[in-house]
Each structure stands twice: as structure tokens, then as C-alpha cells.
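Here's the structure we're looking at; comments come further down.
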Amino acid sequence: IDSVGRYGGEEFLIILPETTLEEGYKVAERIRKEIMLLDVKEGLKVTISGGIAEYKGESDTELLKKADDLLYQSKTSGRNRIEKG
């Protein structure tokens, strides 16, 4: 029942129902580490930054904003990292 899709220009959204914040963080970290290992082109390193938010009864718009804010926090904190909140 997990879902993955493109959200915005360069962003992807992964929905993991019935997954805790910590479990979601572990999934995101595993994805981040696997992407770092990709050999896309000689001399080109690919990394990702992410934001993990847990649904706590807020609207879908509020939940997406929370995750998006965490994504931008990870970018301003050095990139190639996952922030959770």
C-alpha cells in the first residue's frame, strides 16, 4: 500500500501508511545511501536530501508543508541528509 510519485519539479513523495516516523526514517536513509552508490557517469556524484513527516491528524496540505519544510532544512544544513520531525 506504499506509494511513490513525483511531486513538484525535482521532488518525489513517498507515502508509507502504517509506518512510524522512525521506520520511515530508516527507509529514507536506506534510499539515500543506495543513491550515493549509483554510478551514473564518471565524475558525477548523485545525492538526495529529504524530509520525513508523520501524520498526526493534520490536513494533507499541512502534512506536505511539514515534510517540505524538513526537506529545505536538510538542504540548508548541508544536503545529502534526511531530516525528520
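The values are calculated or read from the model by the stated rules, or taken from the named source; none is laboratory data. Quick caveat, the model's predicted, so the values are computed rather than measured. Please note: Cβ atoms are built from the backbone with ideal geometry, for glycine as well, and neighbour counts cover all protein chains shown. We work out accessible area using only protein heavy atoms, side chains counted, and drop any ligands, DNA or RNA first. Shrake-Rupley method; radii C 1.70, N 1.55, O 1.52, S 1.80 Å.
Quick look at the numbers
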quantity: Residues within the stretch 8-60 that are open to solvent by 100 Å² or more (accessible area, probe 1.4 Å) and in contact with a helix residue (DSSP H, G or I) (Cβ under 9 Å, 6 or more places away or on another chain), tallied; calculated: 3
quantity: Scope the stretch 61-85; condition open to solvent by 60 Å² or more (accessible area, probe 1.4 Å), touching a residue at least 24 places away in the same chain (Cβ under 8 Å) and in a helix (DSSP H, G or I); matching residues; calculated: LYS75
quantity: Tally, over the stretch 30-58, of residues that are within 11 Å of LYS84 (Cα to Cα) and not in a loop (DSSP other than H, G, I, E, B); calculated: 3
